[in-house]
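Encoded as structure tokens, the structure appears first; notes follow it.
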Amino acid sequence: MSEKLNAQPSALDRIPGKIEDTLSRTRNRRGVLKVLGAGLASALVSGCGDTLLASPGKTPTETPTQRPPRPTNEKPEPTSSPTAEVKINVSPTPESISPFPLLTADTFLTGYFGIGGEKVISMPTSAPDGGRQVKETPVPDLFRYAADLWDLTEEEVANQLATDPVMGVKFSFAAAELTGIEGVINFEEAFPQLKDVKIPRFTLGTLPQEKEYEVAINSAPRDFVLRKGTHMHVLGVFGSVSGPTAIVAFDDFLRTPDGSPKMELVAIPVSLERPETGTSLVQLVRSNGGLYDAKTQLLTLPNGETLVLPVIETTFGEQLYNACGVYFMDEIGKNPDGTPILHPRPVVPRASPEFVKEVTEKNNVMAIAYGPTENHSVVMTSPDGKTQLAEVTYNKETNQWEWKEIKPSTLELTLTSLTPELAVK
């Protein structure tokens, strides 16, 4: 049994050039929820502790800067101690009204309704004088760019955009990346339904540990590698078990031979009582000259622009969290000169609830853990690591990660860490 889981010019101004190459390669319901649970609202203004980021779902489970340098041999050590990542269902209760803009799954299902064909939309971009301007952008160009950034086909982008709100979020991040703007990006003119979707984008010129790159041990996917020079995009925050959590995205120019960008969806804590225990939104913003007030949710970007971050409805936040994946497999080996070989698709997806339910029931296990192995795979085990349930490996022919059930006696691998969570029955 197996399961297959699927003030410099903007990108638009750079055509012809790298982005044009990328494009040619790859070329109203308004029922927004207005009610937010009292528990979520209080969590978003309370800050968070030093516990590692918990998985909060029902699943079992103005311009791009110089590209970041290629990684060197010096690599931050991933965490080696087990982490308690217990998943608990947090349901909102209609008891209070959110004082902040609210993003729901419906925001993104309706926001791009009717987009397609050969129409042209008005997109903000950075202007030569460092300001902003509006350019008429062909919709097919935007679809091609989004497909290339997220390793999808244009058809997959179109199909998912109509049915999956997570794709709506990814499409929004891709549109923000295409503008090349550093600051708050507003797409209301292009997509009137998305008036509450404003994407802050800025360069990580400095990392909290002041290195070229560092490992975010408390991120989803776990051990996400942050590199100096990447661009950070912020969607909003939601209340998880471990505290306020931010849904963000980063571009990555290192995983393709020609240096064309890719993007990764990531969840990180908003703040930490002990910064040394992980990487948070507050740390990343402060390291680059910005500020974030957790009580007012006011984000001040390095260029001085401000934005009150929206709240992501809890259930949708959980969905986005799970879509971030379970582990970030940055490397798949070393070159002869010792430099790392970067994985072309580093995000290991979570096994589906149906698959987890089947293997846990068969082995009479009530909870699971995910742990990376020394052969660049990830294993699903019991929380103590003694009962091995499944392994995910990368299929180079299909370019997909595949989960397969294993017998406990057939796998003899050393787990470097474990991330426990509840299994769904």
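The values are calculated or read from the model by the stated rules, or taken from the named source; none is laboratory data. These numbers were taken from a predicted model, which means no experiment stands behind them. A quick note on method: Cβ atoms are made from the backbone with ideal geometry, for glycine too, and the neighbour counts reach across all protein chains shown.
Below is a table of values for the structure above.
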| quantity | calculated |
| --- | --- |
| Residues of the range 142-159 classified as within 18 Å of Asn399 (Cβ to Cβ), surrounded by fewer than 18 Cβ atoms within 10 Å (Cβ to Cβ) and either of a type in the set (A, V, I, L, M, F, W, C) or out of contact with any strand residue (DSSP E or B) (no Cβ under 8 Å at 6 or more places or on another chain) (or both), total | 4 |
| Filtered residue count, the range 166-181, keeping only those that are more than 16 Å from Asp141 (Cα to Cα) and either small (Gly, Ala, Ser) or crowded, with 22+ Cβ neighbours inside 10 Å (or both) | 4 |
| Of all residues in the range 302-323 being in a loop (DSSP other than H, G, I, E, B) and within 18 Å of Asp196 (Cβ to Cβ), the one that is farthest from the chain's Cα centre (by Cα) | Glu305 |
| Selection from the range 319-363 of residues that are hydroxyl-bearing (Ser, Thr, Tyr), more than 23 Å from Glu374 (Cα to Cα) and in the same structural domain as Pro257 (by the TED database) | Tyr321 |
| The one condition in (1) surrounded by fewer than 22 Cβ atoms within 10 Å (Cβ to Cβ); (2) at positive phi that Val184 fails to fulfil | (2) |
| Flag for Leu422 being at pLDDT below 80 and under 28 Å from Ser242 (Cα atoms) | yes |
| Residue under evaluation Val392, criteria (1) part of a strand (DSSP E or B); (2) surrounded by fewer than 23 Cβ atoms within 10 Å (Cβ to Cβ); (3) aliphatic (A, V, I, L, M), criterion not met | (2) |
| His376, sole failed condition from (1) at pLDDT 90 or above; (2) of a type outside the set (S, T, N, Q); (3) in a loop (DSSP other than H, G, I, E, B) | (1) |
| Test: residue in the range 328-348 that is under 17 Å from Ala246 (Cα atoms) and among the small types (Gly, Ala, Ser) | no |
| Exclusive hit being crowded, with 20+ Cβ neighbours inside 10 Å and of a type in the set (Lys, Arg), set Arg255, Arg222, Arg274 | Arg222 |
| Strands (runs of 3 or more DSSP E) enclosed by the range 200-289 - at least 1 residues per element that are of a type in the set (Asp, Glu) | 213-216, 243-252, 262-269 |
| Evaluation of Asp293 against (1) under 26 Å from Lys262 (Cβ atoms); (2) surrounded by fewer than 18 Cβ atoms within 10 Å (Cβ to Cβ); (3) modelled with pLDDT of 90 or more (one fails), failing number | (1) |
| Within the range 379-395, tally of residues that are closer than 26 Å to Val225 by Cβ and modelled with pLDDT of 90 or more | 9 |
| Check on Pro128, touching an Asp or Glu at 6+ places or on another chain (Cβ under 8 Å) and surrounded by fewer than 17 Cβ atoms within 10 Å (Cβ to Cβ) | yes |
| Among residues of the range 330-370, those that are within 18 Å of Thr393 (Cα to Cα), surrounded by fewer than 18 Cβ atoms within 10 Å (Cβ to Cβ) and over 23 Å from the mean Cα position of the chain (by Cα), counted | 1 |
